[in-house]
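Student: Below: one structure in structure tokens.
The values are calculated or read from the model by the stated rules, or taken from the named source; none is laboratory data. Computed from a predicted model, the values in this text were never measured in an experiment. Note that we place each Cβ from the backbone using ideal geometry, even for glycine, and neighbour counts take in every protein chain shown.
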Amino acid sequence: MALLISNCGTRMLLRMAIIFFAAVVPLAAQGIPPNPTPVQANPSPLTDTEALSREALVWLAQLIQINTTNPPGNEQAAAKYIAGILEREGITPEVLEVAPGRSAVVARLRSSAISNPSRALLLVAHMDVVGAERARWTVDPFGAVMKDGYMYGRGALDDKSMLAANLAAIIALKRSNARLNRDVIFLATDDEEAGGDASIRALIAKNWDKFAAGYALNEGGEVISKGSKVQYVAVQASEKVSVNVAVIAKGPSGHASLPTKDNAVVHLAAAVAKIGSYSAPVHFTTVVRRYFEGLAAISDDEVGKWMRSLEAPDRGEHAQRVISDANPQWGSMMRDSIAPTMLSAGVRANVIPGEARAMLNIRLLPGDTIDVLLGALSKLVNDPHVRFEVQPNAGLAAPTSSLETDLYAVITKVASQEFGGAPVLPYQSPWATDSSQLRLHNVQAYGLWPFPVTDEDLARMHGDDERLSVASFNKGVAVLLNIVTDFAVTK
Ligand SMILES: [Zn+2]
């Protein structure tokens, strides 16, 4: 309309009116407190991590008490418990049914109305646990018993502590109202220990859009301490690939009173004996190279010397033997490993069976293929009665996570600060985690298990009397929250 004044003119009139109004009307009458307490635009989620850890310890105890031994898993009960906690905090969870009785939980804190999956940070932990032989434990494995400053229970290390810490992190962010620079997504998975039909592979196939992310923090790393001092922090950036292979020997069956030279059991036993003494060739990946370089600096002189010589042309081979013998984990980081795990043959003591079988659990280095290894084993066994059969559900080789991302830099910085300047090393785990499936979907996934533990306590993982000290749990909760805050909260 013709009478309209320009926008610019309207704004100027308004501003003059405000200046006038403010000049003559007392502040209090305008509804503005005379000394307003400064509103923190971006409060830190890190204000009281001790209180948060106390809450998280209760969640850890209650998660241990929900028996999610896999098989059968029954993770749905844990999923519902977690969903209830998130709901009370005003975070909307979604329980995703993966198979009957088996569910995952996903929840998201948004940074903006439109999500950018390539920036999002995923916090992953699995709800299922391996079985426990009750008779070998000194306490009830599902009792969440507190003893001598430790929480005992199946899952105390693997992976319910991480689950509780992830919950604490997302809840602290929500409570603080912090402004996020990327979405933070919480994901509790099922069927990790068996990697079966209800595992993250199925979850990704069905529901990837619900938790697609560019970055992830998961189990798989370790913080190794001796006494109260942290020796080093290992951040898992890649992992070996698990493949099961059957070794099958065949021969004529018959009466045991008339043995022949082509007895399948004898051929199988000879083959397994040869395989057992075989060492696959050594390959060093970038991650493993950097791991040994870092570890050499803090190891005792003798071990450090051999770690530095692993690739020396003159004494490399000797160094590889010394280091492999010193620690089976180190040996497994350098080469494909082969462990015979099962044997079967025969139905009667007086019948020669026509077939005998062994199972090999093979862990391939990233980049190695099973065909090449089986070629070498066939040559070694050199027996026409024996053949190899790759079993279904082999792991898939995934790309290594980059050591140049912002997230890796944040992990390195915060972990070093929090653990008294301990070196932070990239790590290639001999075991498999959900991270390989994520890496296959372009996620920069890191195994950051933030609880400082001794080698002795770590050995209880999947073993008897699994336990985590309360002090270590508290520290891990604080470290994880610190890393998530540094990476996802706008400063
Ligand atoms: Zn685990």
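Student: Among the numbered criteria (1) at pLDDT 95 or above; (2) surrounded by fewer than 17 Cβ atoms within 10 Å (Cβ to Cβ), which one does residue 107 miss?
Tutor: (2)
Student: Condition (residue is within 26 Å of residue 418 (Cβ to Cβ), in contact (Cβ under 8 Å) with a residue 12 or more places away in the chain and within 16 Å of the ligand (Cβ to nearest atom)) applied to the range 277-295: is it met by at least one residue?
Tutor: Within the range 277-295, not a single residue is within 26 Å of residue 418 (Cβ to Cβ), in contact (Cβ under 8 Å) with a residue 12 or more places away in the chain and within 16 Å of the ligand (Cβ to nearest atom).
Student: Of everything in the range 117-166, what is in a loop (DSSP other than H, G, I, E, B), touching a Leu at 6+ places or on another chain (Cβ under 8 Å) and within 14 Å of the ligand (Cβ to nearest atom)? Give them in sequence order.
Tutor: Selection gives 127, 155, 156, 157.
Student: Let me ask something else. List every residue pair whose Cβ atoms lie under 7 Å apart, where the two residues are 6 or more positions apart in sequence or sit on different chains, the first residue falls within the range 207-230 and is more than 21 Å from residue 437 (Cβ to Cβ), and the second residue, located anywhere, is of a type in the set (S, T, N, Q) and away from the ligand (no atom under 14 Å from the Cβ).
Tutor: From residues that are more than 21 Å from residue 437 (Cβ to Cβ), the pairs are 224/231; 225/231; 225/454; 226/454.
Student: Residues that are buried (at least 23 other Cβ atoms within 10 Å of the Cβ) and either polar (S, T, N, Q) or away from the ligand (no atom under 16 Å from the Cβ) (or both): find the strands (runs of 3 or more DSSP E) completely inside the range 369-464 holding 2 or more of those.
Tutor: In the range 369-464, 424-429 are the strands (runs of 3 or more DSSP E) which contain 2 or more residues that are buried (at least 23 other Cβ atoms within 10 Å of the Cβ) and either polar (S, T, N, Q) or away from the ligand (no atom under 16 Å from the Cβ) (or both).
Student: Determine whether residue 361 is over 28 Å from residue 194 (Cβ atoms) and either modelled with pLDDT of 95 or more or of a type in the set (Lys, Arg) (or both).
Tutor: Criteria not met by residue 361.
Student: Give me a count of the residues in the range 180-220 that are away from the ligand (no atom under 16 Å from the Cβ) and among the acidic types (Asp, Glu).
Tutor: Selection size over the range 180-220: 3.
Student: Here are some residues: 99, 79. Which one is surrounded by 15 or more Cβ atoms within 10 Å (Cβ to Cβ) and modelled with pLDDT of 95 or more?
Tutor: Answer to the selection: 79.
Student: Also: Restricting to the range 316-349, name every residue that is part of a loop (DSSP other than H, G, I, E, B) and loosely packed, with under 15 Cβ neighbours inside 10 Å.
Tutor: 327, 347, 348, 349
Student: Is one or more of the residues making up the range 222-242 hydrophobic (A, V, I, L, M, F, W, C), away from the ligand (no atom under 16 Å from the Cβ) and within 30 Å of residue 388 (Cβ to Cβ)?
Tutor: yes
Student: Quick test for you: out of 266, 230, pick the one residue that is outside any strand (DSSP E or B) and among the β-branched types (Val, Ile, Thr).
Tutor: 266
Student: Just the residues that are among the aliphatic types (A, V, I, L, M), within 23 Å of the chain's Cα centre (by Cα) and either at pLDDT below 95 or more than 17 Å from residue 159 (Cα to Cα) (or both), please, taken from the range 38-76.
Tutor: If the condition is that a residue be among the aliphatic types (A, V, I, L, M), within 23 Å of the chain's Cα centre (by Cα) and either at pLDDT below 95 or more than 17 Å from residue 159 (Cα to Cα) (or both), then 52 is the only one that fits.
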